[in-house]
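Read through the structure below, which is laid out as structure tokens, and then see the notes.
Quick note: the coordinates plus some simple rules give every number you see, no bench work behind them. What you see is a predicted model, and the numbers here were worked out from it, not measured in a lab.
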Amino acid sequence: MKIVKALIPIALIAVFVFVMNTAFIFHPFIKSIPELFDDIENSALNGDWDKASEKTDALYKELAQKKFRWMQFAIERKEMNNLIINLYKLKGCIKIEDVSGSVDALYEMRANWSHLGS
């Protein structure tokens with residue numbers, strides 16, 4: 001009985017540590033986000049603003065509605081907010097068809113994404 005009483009807190013702590021490190025564990029296996037970055041960059045450089053806008057909306061759905069739901073316990077809220085702010089900058093640059101601003105916002109998002117959870 002004493003062993004069970006000791007194992008329960010240890011097991012709970014192990015579960016909490018695992019949950020808090022899931023971004024570090026699963027982050028390298030998420031390929032959809034970098035692919036969307038590439039698609040948006042290619043669309044912006046080629047002047048295909050409608051496609052860039054569609055891909056930006058897809059990126060928002062992928063990040064805010066899917067990935068952040070399970071990563072929210074493993075990363076800082078500030079890191080998530082920085083990505084969302086950069087995403088809105090990107091949307092604005094695409095709306096006014098600014099190539100340099102779009103590429104700048106994308107590279108800032110890439111940097112934030114690569115450091116997410118580390």
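General observations
- Close amide-amide hydrogen proximity is noted between Asp48 and no other residue 5 or more places distant or on a separate chain, at a cut-off under 5 Å (H modeled in the peptide plane; Pro and chain starts excluded).
- Note, ³J(HN,Hα) from phi for the stretch 5-15, Karplus 6.51, -1.76, 1.60, rounded to Hz, x at Gly and Pro: 5, 7, 6, 4, x, 5, 5, 5, 5, 4, 5
- Of all aspartates and glutamates in the structure, the ones whose alpha carbon falls short of 13 Å from that of Lys91, not counting any fewer than 8 places away in one chain, are Glu41, Asp50, Glu54, Asp57, Asp104.
- When the C-alpha to C-alpha distance is required to be over 32 Å, the pairs from Lys2/Lys78; Lys31/Lys78; Lys5/Lys61 that qualify are Lys2/Lys78; Lys5/Lys61.
- 3J(HN,Hα) along the stretch 94-102: 5, 4, 8, 6, 9, 5, 5, x, 5 Hz, from the Karplus curve 6.51 cos²θ - 1.76 cosθ + 1.60 with θ = phi - 60°, whole Hz, x for Gly and Pro.
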